[in-house]
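> One structure, as structure tokens, below. Some questions next.
Each reported figure results from applying straightforward, stated rules to the coordinates on display, with no laboratory input. Nothing here was measured: the structure is a model prediction, and the numbers come from that model. Note that we place each Cβ from the backbone using ideal geometry, even for glycine, and neighbour counts take in every protein chain shown.
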């Protein structure tokens, strides 16, 4: 009798494990996510987000690209070519771009949108440009560090609106309102994350937006930011927003 009860319990636990694993597989179902880092950063800055999404069952491509070496137009072509080589055509592909990575994402989707596009998330991206870039654009050190793309991130965008195009896909925008850079924040009107104003992250055509208490520098590592990005990828909206 005791052995029979043990077998029943073991079988039940095995079934629970099977159901849990099956549910995890279904939630992602082999879907792909492209991650694009910000200016003067690398894929390592997005590693925490990559690991978070991988654990949720997604196939994650955390791309490196020379963010300070070319204009946005050239970067767009380079990134698009890299994506084409990596992704599968039979599974949805989502995009999550941090800061300038979100701008590059829009440019890629404007010119090279894949047929299997899923949803798109921008993390603290300056869709309307950066007042910090306005202030520093003629500084030789700024140009040396951030290259030609740095000058294109000004609030009057150097004509990049045509490059970015209209948002005609499901886009979720995550903005931050915590700053660890009071000097930069003094240049930015309204709430900001130390580099980008909340207002600048918004763009016509976005499906939803949400505010997170996070600083720009550590945005991709912030657990709340990661959860919000996953929410939009999964559901096409942000859940239970703070008032």
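> Just to be sure I understand: with springs between alpha-carbon atoms less than 10 Å apart, which residue in 88, 228, 119 has the highest mean-square fluctuation in the Gaussian network model of the chain?
The residue that fluctuates most here is 88.
> Determine the principal axes of the Cα atoms in the range 126-219, then give the extent along each, sorted from largest to smallest and rounded to whole angstroms.
38, 31, 21
> Given a 10 angstrom Cα cut-off, can you work out which residue in 57, 97, 176 is the most mobile in a GNM of the chain?
Residue with maximal mean-square fluctuation among 57, 97, 176: 57.
> Sort 70-79, 200-209, 34-43, 133-142 for me by packing, meaning the mean count of neighbouring Cβ atoms within 10 Å per residue, highest on top. Present the calculation step by step, with values, prior to reporting the outcome.
Details: 70-79: 18.3, 200-209: 16.7, 34-43: 22.0, 133-142: 14.1.
Packing order, densest peptide first, comes out as 34-43, 70-79, 200-209, 133-142.
> Calculated from DSSP H runs of 4 or more alone, at -39500 (n - 2.57) each and per residue, what is the 222 nm mean residue ellipticity of the chain, nearest 500? Please report the intermediate quantities before stating the final value.
On the way: 10 runs with 108 residues, N = 243.
Roughly -13500 deg cm²/dmol at 222 nm, from the helical runs in the chain.
> For the range 30-235, what's the radius of gyration and Dmax over Cα atoms, in angstrom?
Values for the range 30-235 (Cα only, Rg and Dmax): 15.6, 48 Å.
> On a 0 to 90 degree scale, rounded to 10, what angle separates helix 100-112 from the longest Cα axis of the chain?
That helix lies at roughly 80 degrees to the long axis.
> In whole Å, how far is the Cα centre of the range 40-112 from that of the range 169-243?
18 Å
> What number results when the radius of gyration of the range 76-165, computed over Cα atoms, is divided by 2.2 N^0.38 Å?
Values: Rg = 14.4 Å, N = 90, 2.2 N^0.38 = 12.2 Å.
Taking the Cα Rg and dividing by 2.2 N^0.38 Å, one obtains 1.19.
> Relative to the longest principal Cα axis of the chain, at what angle does helix 2-28 sit, 0 to 90 degrees, rounded to 10?
That works out to roughly 30 degrees.
> Report the gain in length on full extension from residue 199 to residue 113: 0.36 nm times residue separation, minus Cα-Cα distance, nm rounded to one decimal. Each step should come with its number before you reach the end.
Values: separation 86, 0.36 × 86 = 30.96 nm, distance 2.61 nm.
Full extension of this stretch gives 28.3 nm more.
> Work out how much length residue 155 to residue 64 would gain on full extension: take 0.36 nm times their residue separation and subtract the Cα-Cα distance, in nm to one decimal. Intermediate values should be presented prior to the final figure.
Details: separation 91, 0.36 × 91 = 32.76 nm, distance 2.57 nm.
Separation in residues times 0.36 nm, less the Cα-Cα distance, equals 30.2 nm.
> Ok, one more. Using Cα atoms only, what is the angle between the long axis of helix 223-235 and the major principal axis of the chain, expressed in degrees (0 to 90) to the nearest 10?
The answer is roughly 70 degrees.
> Out of 121, 108, 167, any idea which swings most in a Gaussian network model of the chain, alpha carbons joined below 10 Å?
167
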